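Coordinate-derived values only; no laboratory data. Just so it is clear, the structure is predicted and the values come from calculations on it, not from any experiment. All Cβ positions, glycine included, derive from the backbone under ideal geometry; neighbour counts span all protein chains shown.
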Amino acid sequence: MAKPEGLTYQPGKRAMLKIKHQRTADCVVAGFRWYKGGKDRLVGSLLLGLYDAAGTLHHVGVCAGFKQTVRAELAEQLKPLRDRENHPWKDWADWQEVDTERRLPGATSRWNRGKDLSWEPLRIELVCEVSYDHLQGTRFRHGTHFQRWRPDKPPADYIAVMRRILALEPTNAQALWFVANDAAQSGDRAGAATLYRRLLERLPANAPLRPQVQRQLEAVQGG
């Protein structure tokens, strides 16, 4: 919440401003779903993926809400990239009735049973930037909003991106510790320093990990 600097306290009035956090992420575009009633003509949503540290591509959410003209343009743009034979998620059908920790776009849940979950795989060549509100576990909690294409960033650069994003909303101190170390090892000293400082803020004064975190922070700052 925020208010203009010159505004006085006004009881009973909605004078404050609610400002949402603005977060963006660069994701691999791994496939898409057709718009309802517009198969072969209109794209309904893009299927987003991120690689984990082991190099596995996970389905992390969708990007939708396009205008009709954009849906038609996307259908033409993505047509030459459709590839079902060599896709990392080509086995998704085998998981439709199985619980698995791996995020796949064809998996069913109590929320989507009975819905048409068919989708079109794409060659792993496109990256786009999306905005989002929250993460729930390892995926976007709600649909994301398309911001722009990122032709300057090949998909192979996103092996550790998921772990970096999770650092914004870590589930525990240990997770944040691993993400900070990952940033330091990849050469992102500024990012690692920010994460180490955030971890120090969360750790109790007598936590055994504090001295090690402090040493790591001093190392990346001194480099």
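What's the long-distance tail for region 173-222, i.e. % of Cα pairs beyond 13 Å? For region 173-222, the share of Cα pairs beyond 13 Å comes to 47 percent. The residues CYS63, CYS27, when put in order of fewest to most other Cβ atoms within 10 Å, stand as CYS63, CYS27.
Within region 1-85, report the chymotrypsin sites (Phe, Trp or Tyr not before Pro) that DSSP leaves as loop and that have at most 16 other Cβ atoms within 10 Å.
Working: sites: TYR9, PHE32, TRP34, TYR35, TYR51, PHE66; in loops: TYR9, TYR35, PHE66.
Answer in residue order: TYR9.
Between the alpha-carbon centres of region 114-153 and region 1-46 there is a gap of 15 Å. Using a simple spin-label model with pseudo-atoms 7 Å out from Cα toward Cβ, ARG139 and ALA207 lie 3.0 nm apart. Cross-link reach is defined here as a Cα-Cα straight distance under 21 Å, omitting same-chain residues fewer than 8 places apart; for LYS67 the lysines meeting it are LYS36, LYS39, LYS79.
On full extension of the chain, what length is gained from ASP40 through LEU7, given 0.36 nm per residue of separation minus the C-alpha to C-alpha distance?
On the way: separation 33, 0.36 × 33 = 11.88 nm, distance 5.43 nm.
The ASP40-LEU7 span can extend by a further 6.5 nm.
So, counting K/R as plus one and D/E as minus one, what does the shell of residues with Cβ under 13 Å around LEU7 add up to? Surrounding charge for LEU7 is +2.
For trypsin sites (Lys or Arg not before Pro), the sites in region 5-48 that DSSP calls loop and that have at most 10 other Cβ atoms within 10 Å are LYS13, ARG14, LYS18, LYS20, LYS36.
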